Amino acid sequence: MAAGAAATATGATATAVDTAAAAAATAATTAATTATTATTATTAATATADAAAAAAAAAATAATTATAAAATAGATAVEPDAQPPARLPTPPAVLIPGCGSAYELAFLSEAGWNATAIDFAPATVAAARQAVGPQWQGRVLEADFFHYQSPVPLDLIYERAFLCALPRAMWPQVAERWAALLFPGALLAGYFFFDNNQKGPPFGIAREQLDALLAPHFALVADEPVTDSMPVFEGRERWLVWRRL
Ligand SMILES: C[S@@+](CC[C@H](N)C(=O)[O-])C[C@H]1O[C@@H](n2cnc3c(N)ncnc32)[C@H](O)[C@@H]1O
């Protein structure tokens, strides 16, 4: 996805964020699989050094890809003969609600993003801080998504396995909160799980229901298949990007 030179500053930044976010999240899938394994192991107090090292290595690879994508996206928004920035001109501010192990936090932060991860479970926050290490642990906050106020305007909310972790009755509240946290033009991007399963979590959503839920506040700008899902989501999730109206 490329922004033309005539794009407005806001549009160009949003497109850059959009592109970088998609690339980062796609690159993160490998890390996610490994990191989730590590998270499960951590929860059971049996995490091994090997699993942690593998997760860190995968995250580092994802960070490199994300940085390259950010540079490419940034380059499309400047004069053709200008030097492309190594990074996005302004670090995009991204919120990761219901972060779990917060594996995305480290690679987005290493790619120069202003990333914050929140979770309301104290034990999860403690494990996430340990997982991301001393450099980024201050960016993992114990907070309830429904009450969290961002100190900076958010460019992006990253969704993964948060909506589907909550009871279906709460989904309208989630959508309202996503909308309240984002200014017009900002993005909601992530993996959405589609299913009509009765037992959960994860609780799948019908495509029409998601569209109806988000239509009052968001326009869909990207919709792509996911080819390397974790088994629990395999064949039933898509990468979607929504722009706040
Ligand atoms: C299924 S996990 C997903 C973790 C992570 N996003 C991932 O993809 O691995 C859902 C997380 O949401 C957190 N959570 C649920 N309700 C929340 C709320 N109201 N505020 C913040 N975190 C919440 C849970 O504690 C849990 O860690």
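The values are calculated or read from the model by the stated rules, or taken from the named source; none is laboratory data. Worth saying up front: this structure is predicted, and the values here are computed from it rather than measured. FYI the Cβ positions are ideal-geometry reconstructions off the backbone, even for glycines, and counts take in every protein chain you see.
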>> Go through the range 86-136 and report how many residues are more than 16 Å from the ligand (Cβ to nearest atom), more than 15 Å from L156 (Cβ to Cβ) and not hydrophobic (A, V, I, L, M, F, W, C).
In response: 6
> How about the range 146-156: which of its residues are surrounded by fewer than 24 Cβ atoms within 10 Å (Cβ to Cβ), more than 8 Å from the ligand (Cβ to nearest atom) and either hydroxyl-bearing (S, T, Y) or under 15 Å from F218 (Cβ atoms) (or both)?
Replying inline: S150, L154
> Only one residue in A127, A165, A161, A117 is at pLDDT 95 or above and in contact with a Ser or Thr (Cβ under 6 Å, 6 or more places away or on another chain). Which one?
Replying inline: A127
>> Can you pull out every residue in the range 184-215 that is under 17 Å from the mean Cα position of the chain (by Cα) and in contact (Cβ under 8 Å) with a residue 60 or more places away in the chain?
In response: G185, A186, L187, A189, G190, Y191
> Of the residues that make up the range 112-132, is at least one within 24 Å of L245 (Cβ to Cβ), out of contact with any Gly (no Cβ under 6 Å at 6 or more places or on another chain), of a type outside the set (S, T, Y) and surrounded by fewer than 15 Cβ atoms within 10 Å (Cβ to Cβ)?
Replying inline: no
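It is to be established whether one or more residues within the range 199-211 are loosely packed, with under 11 Cβ neighbours inside 10 Å, of a type in the set (K, R) and over 27 Å from L154 (Cα atoms). Before you say what the answer is, go through the steps one by one.
Our first condition is that a residue be loosely packed, with under 11 Cβ neighbours inside 10 Å; within the range 199-211, this holds for 199, 208.
This time we only want the ones that are of a type in the set (K, R), so: 199.
In the following step, the residues that additionally are over 27 Å from L154 (Cα atoms) were identified as 199.
Yes: one or more hits.
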> Quick one: what pairs do we get from the range 113-124, first residue within 8 Å of C99 (Cβ to Cβ), second assigned to a strand (DSSP E or B) and within 12 Å of the ligand (Cβ to nearest atom), C-beta under 6 Å, 6+ apart or different chains?
Replying inline: A117/I96; A117/V140; I118/P97; I118/L141
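Is it the case, given these coordinates, that E110 is over 30 Å from V174 (Cα atoms) and at pLDDT below 95?
Working: over 30 Å from V174 (Cα atoms): no; at pLDDT below 95: yes.
No, not satisfied.
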> Say we look at the range 157-190 and pick out the residues that are more than 22 Å from P202 (Cβ to Cβ) and not aliphatic (A, V, I, L, M); which of these is nearest to the ligand (Cβ to nearest atom)?
Replying inline: F183
> Could we say that R243 is touching a Gly at 6+ places or on another chain (Cβ under 9 Å) and in contact (Cβ under 8 Å) with a residue 60 or more places away in the chain here?
Replying inline: yes
> Mind checking which residues of the range 217-240 are outside any strand (DSSP E or B) and in contact (Cβ under 8 Å) with a residue 40 or more places away in the chain?
Replying inline: H217, V226, D228, S229, M230, F233, R236
